[in-house]
Amino acid sequence: MKKSVTHYETFEFSEKNKKKLTDILTRYPEGRQASAILPLFELAQRQCGGWLPGSAIEKITQMLGLPVIRGYEVATFYTMFNLKPVGKYHLQVCGTTPCMLRGSEDLKAACQKKLSIGLGETTKDGLFTLSEVECIGACVNAPVVQINDDFYEDLTKESFIKLLDDLKEGKKVKAGSVIGRQGSAPEKKGDHAQE
Amino acid sequence: MPKLIIDDQEIEVENGVTVLQAAEMLGIEIPVFCYHPKLSIAGNCRMCLVQMEKSPKPIASCAMPATEGMVIHTQTPMVKKARQGVLEFLLINHPLDCPICDQGGECDLQDITMAYGGDSSRFGLNKRAVPDKDLGPLIETAMNRCIHCTRCIRFANEIAGVPELGATGRGEHMEIGTYIEKAITSELSGNMIDICPVGALTSKPYSFQGRPWELSSTPSVDVFDAVGCAIRIDTRGREVMRILPRQSFQINEDWISDKSRFAYDGLKYQRLDRPYAKGKDGRLHPVSWDEAFNVIADHFQHLPGDHIAAIVGDMVDTEAIVALKDLMNAIGSPHIDCRQDGSKIGYGPRSSYLFNTTIAGIEKADFCLLIGTNPRWEAPLINARIRKNYLNTGLSVALLGAPHELGYPVEHLGDDPLIFEKILKGRHPISAALKSAKFPMLILGQGALKRNDAEVILGLAHKIADKYNIVHQSDPWNGFNILHSAASRVGALDLGFLPGPQGYGVSEILKGAAQKKIEAVYLLGADDIDVSSLESTFVVYQGHHGDRGASVADVVLPGSAYTEKSGTYVNTEGRVQRSFKAVSPPGEAKEDWKIIRALSDHLGFELPYDSLNDVRARLVEVNSLFDELDTIQKASWEDFGKEGTVLSEPFKATIDNFYMTDSISRHSVTMAKCAQEIQGDEQRNQIHEK
């Protein structure tokens, strides 16, 4: 998937984030402030609702005294920076081997059917964006979907669809294992639908 | 000083030398793509793998420093297999389009594939496709061919100082490109074409024009500025197909400016290819050489010698200059001048008009004060050296003159010449920096030297040089520099092509022409003067382009451009260099000194030389410097300059359009496109910033 910058009128850090920004910058020794580029991009991405507009890249690189192309390189290198707007819920379905063996393909297919969107697309109501990601490090409870900052584990087609319905209705959902197991403790027989 | 063994040969190298460089010293060739001797080390192509004893894996020789006791093998089966593997991966996504690729025949990938490539591909899937980028009017891109060596990115960052290129995405999605698609805003961008090891970046003006094996190359000297870059003129038949740099560590290293490289298409337009003389109808008509000479002879006969003047342009070879000087002496005219831009220097000792530090010497400096100059446009390769020093040692640079982005941090002191006096008196903050510097240098540009108070400024500069120890007595350091922008200037000054005691300079010649004190003017390639004041004067224009000078001429004598004659030039450092004739001049045009020699017959003063060797002997007779080619003869430090008051008028920029400064580049289509796209962009940005 080719990434390209989407332009956005202007970008300014909010007052609250400006304080955080000063805090972030002081973490680096004098003259090494350019290293703050990743946390600042993250801060900007959060402020913009999950994506990083070109104007934010320009603003931050200028702030750090870097040529804008350096920031653009960083933003395109790391896949967790979204250079296009994403929905309120960014569904990141893990597609790496353990999750795939535990049914992530089914999750993807069910989600695509349910929301009528392809990978990398956003629903018309702006609620959901679906993407496939590589291993997010929760293989023990595969298959896993990361929605914004939270992991939802031990999913099945049915439980994933229910999760989406709940999110759509604005219900509060619980992060973690949907079958309620603690950490990655061995599941009780019959807990998991596939067994 | 580590000692190591490469392929059973022992070598001792300096600290910091890499295994690859050590191997090169032994004459062992190691294939590379990303390594370039003038750029930082990336180590990402992996083509230079070699075997090191006690290492389980092959090592990248370009990035591995040589250390004591290393034993390296470069020709083992393991090395060959490793390189074959690397190459096979590189070729996975490289298109098989050599037959339609401009790099074909001079392509590193093609050559190395001959040595390490397989006979067929084992990759059965589709190759990736990458959209081409628009990098401006000079660089053609075919990004499918890119192997991600990142040489172009490093060149832009390091040498050119315009960090505009980068690698976006990662893994299979990596692409070389810019943030916003636009022309590279560098005067050195053409060098990216040379350093690209594949056909991803090729020359746009030269695209599909020829193949390297059809071209014959002639070593020559560049005349678009006073740096005197070593160039190679590639020709096919009678046409100049392209111009490339030659390596010259003393002058241009591996690079040349875009004007030197791409302005050659100006040689094909608006050329003077036969003599013309003005008829009774006031228009120029084609005439024979004899007729043209007779018209001149008829006019000159009736004039006293001091009613005739001569001006030499910026691209003239010294052979023609000495011939014209001898002719004007024979006529008895003191009104000769080579400083068509109105510069006021040249009478003092040689050190008063040379770039004494030398170009390579810039690397030693620890402080640089620029006065009335924009080296980025007046001498891009000198600017590249200053930047090199800035990168290596953090050279601090201050600029007194019109502000301009130079590609390295510059402390701008303002453009008020009175600051110069303050610096001398030690009342300016920069004085302290000058004082504490061990090898300070100052560069005076033409912006400071064509003012009316130029000689006072020169005198001030001399005093500053004395006060701040810019010229050392004990060691050979001389930090006093004049930066010329005309290729012919230093040569002409060395030959004394200057007004004699009662002689007129350029501005007085033009004034005299309006007052009828000067009735005939001989312009030898001089186009950058105010020709409107010559409307009613008898003007002989000798040159290669129908430009400003020819527009007011009564007689036009077609001369040769720099590619069409063997000439001697002296660069701003005072280095005497020789170029060779690459193609014949068009039509009836002749080499310039021959035209003057032939004219002298018609005027009745036969000049005493009949061959190029004779003229060159005459050059040596006039100034023995011309006997020593390609060397620097140190100029002794003597008194020069005048006392007086400095005018308050600010220093002005001398070049406002880098791409169109002379009769050749003004007629180049490529340069016109550059001026529009690159410079246009920059100016728009500046206006925007303001």
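Please work out how many pairs of lysine residues in the range B:1-93 are eight or more positions apart (or on different chains) and have Cα atoms closer than 21 angstrom. So the count works out to 5.
Within straight-line reach of residue B:425, meaning a Cα separation under 19 Å, sit the following lysines at least 8 residues removed in sequence or on another chain: B:435, B:463, B:467, B:642. In this Cβ point-charge picture (+1 for Lys and Arg, -1 for Asp and Glu), the range A:15-77 has a dipole of about 180 debye about its Cα centre. Give the residues of the range B:1-42 whose amide nitrogen is closer than 16 Å to a point set 7 Å from the Cα of residue B:53 in the direction of its Cβ. Within reach of a label on residue B:53: B:3-12.
Candidate cross-link partners of residue A:157 among the aspartates and glutamates, defined by an alpha-carbon separation under 12 Å and a same-chain spacing of 8 or more, comprise A:105, A:106.
The apolar share of the surface of the protein assembly as shown, taken as the fraction of accessible area on carbon and sulfur atoms (1.4 Å probe, ligands and nucleic acids excluded), comes to 51 percent. Shape class of the range B:3-90 from the Cα gyration tensor (axes a ≥ b ≥ c, square roots of the eigenvalues): oblate, since a/c reaches 1.5 or more and a/b does not exceed b/c. Once the 1.4 Å probe is applied to the protein heavy atoms, the range A:89-177 comes out at 49 Å² accessible per residue. Extension gain, residue B:643 to residue B:111: 0.36 nm times the residue separation minus the Cα-Cα distance gives 185.2 nm. Using Cβ point charges alone (K and R +1, D and E -1), the dipole size of the range B:226-299 about the Cα centre works out to roughly 180 debye. Overall, the anisotropy analysis places the protein assembly as shown in the prolate class: the square-rooted eigenvalues a ≥ b ≥ c of its C-alpha gyration tensor yield a/c not less than 1.5, with a/b exceeding b/c. Annotation: amide H-H contacts under 5 Å for residue B:566 (H modelled 1.01 Å from N, sequence separation of 5 or more, or interchain): B:581. Entry comment: accessible area of the range B:3-90 is 51 Å² per residue, from protein heavy atoms only and a probe of 1.4 Å.
In this label model, residue B:1 and residue B:598 are separated by 6.1 nm, measuring between points 7 Å along each Cα→Cβ vector. Put a plus charge on the Cβ of each Lys and Arg, a minus charge on the Cβ of each Asp and Glu, and nothing anywhere else: the dipole of chain B about its Cα centre is then about 1180 debye. Put simply, the amide H of residue B:187, placed in the peptide plane, has no neighbours under 5 Å, leaving out anything fewer than 5 places away on its chain. Report for the protein assembly as shown the percent antiparallel among DSSP-assigned beta bridges with both residues inside it, nearest 5. Here the share of antiparallel DSSP bridges comes out near 50 percent.
Name the shape class, rounded, prolate or oblate, that the alpha-carbon gyration tensor gives for the range A:15-77, where a ≥ b ≥ c are the square roots of its eigenvalues, rounded holds for a/c under 1.5, and otherwise prolate holds if a/b is larger than b/c and oblate otherwise. Since a/c reaches 1.5 but b/c is at least a/b, the shape of the range A:15-77 is classed as oblate. Can you work out the PRE-style zone for residue B:463? Point 7 Å along Cα to Cβ, and I want the residues of the range B:438-457 with backbone N under 20 Å. Flagged as within label range: B:441-445, B:448-457. Going from the isolated chain to the complete set of protein chains, the range B:116-164 loses at least 40 Å² of heavy-atom accessible area (1.4 Å probe) at B:163.
Relative to the longest principal axis of the Cα atoms of chain A, the long axis of helix A:68-77 makes an angle of roughly 10 degrees.
So if we plug the beta-carbon distance of residue A:113 and residue A:27 into 1/(1 + (r/R0)^6) with R0 = 35 Å, what FRET efficiency do we get, rounded to 0.05? Each step should come with its number before you reach the end.
On the way: r = 45 Å, r/R0 = 1.29.
Taking R0 as 35 Å, the efficiency between residue A:113 and residue A:27 is 0.20.
Given a 1.4 Å probe and no ligands, DNA or RNA in the count, how much accessible surface is buried by A and B, both sides, to the nearest 100 Å²?
Numbers: alone 11380 and 28080 Å², together 38260 Å².
Buried area (both sides, nearest 100 Å²): 1200 Å².
Straight-line reach from residue B:268: which lysines have Cα under 20 Å away, leaving out those fewer than 8 places along the same chain? Partners within reach: B:204, B:259, B:565, B:581, B:590, B:673.
Partner chain Cβ atoms within 10 Å, averaged over the residues of A:67-77 - can you pull that number for me? Provide the component values of the computation, followed by the final result.
Numbers: counts 8, 6, 13, 4, 2, 7, 9, 2, 1, 9, 7.
So the per-residue partner count for this stretch is 6.
Each Cα pair under 8 Å and six or more residues apart adds its sequence gap; the mean of these over the residue count of the range B:259-377 is a relative contact order of 15 percent.
Put simply, the amide H of residue B:414, placed in the peptide plane, has neighbours under 5 Å in B:401, leaving out anything fewer than 5 places away on its chain. Length gained on full extension, residue B:297 to residue B:134: 53.1 nm, using 0.36 nm per residue less the C-alpha separation. For the peptide B:176-182, the mean number of other protein chain Cβ atoms found within 10 angstrom of a residue's Cβ is 4.
The values are calculated or read from the model by the stated rules, or taken from the named source; none is laboratory data. Fair warning: this is a prediction, and the values are worked out from it, not measured in the lab. For neighbour counting, all protein chains shown are included, and Cβ atoms are generated from backbone atoms with ideal geometry for every residue, glycine included. Surface accessibility is based on the protein's heavy atoms, side chains included, excluding ligands, DNA and RNA. Shrake-Rupley method; radii C 1.70, N 1.55, O 1.52, S 1.80 Å.
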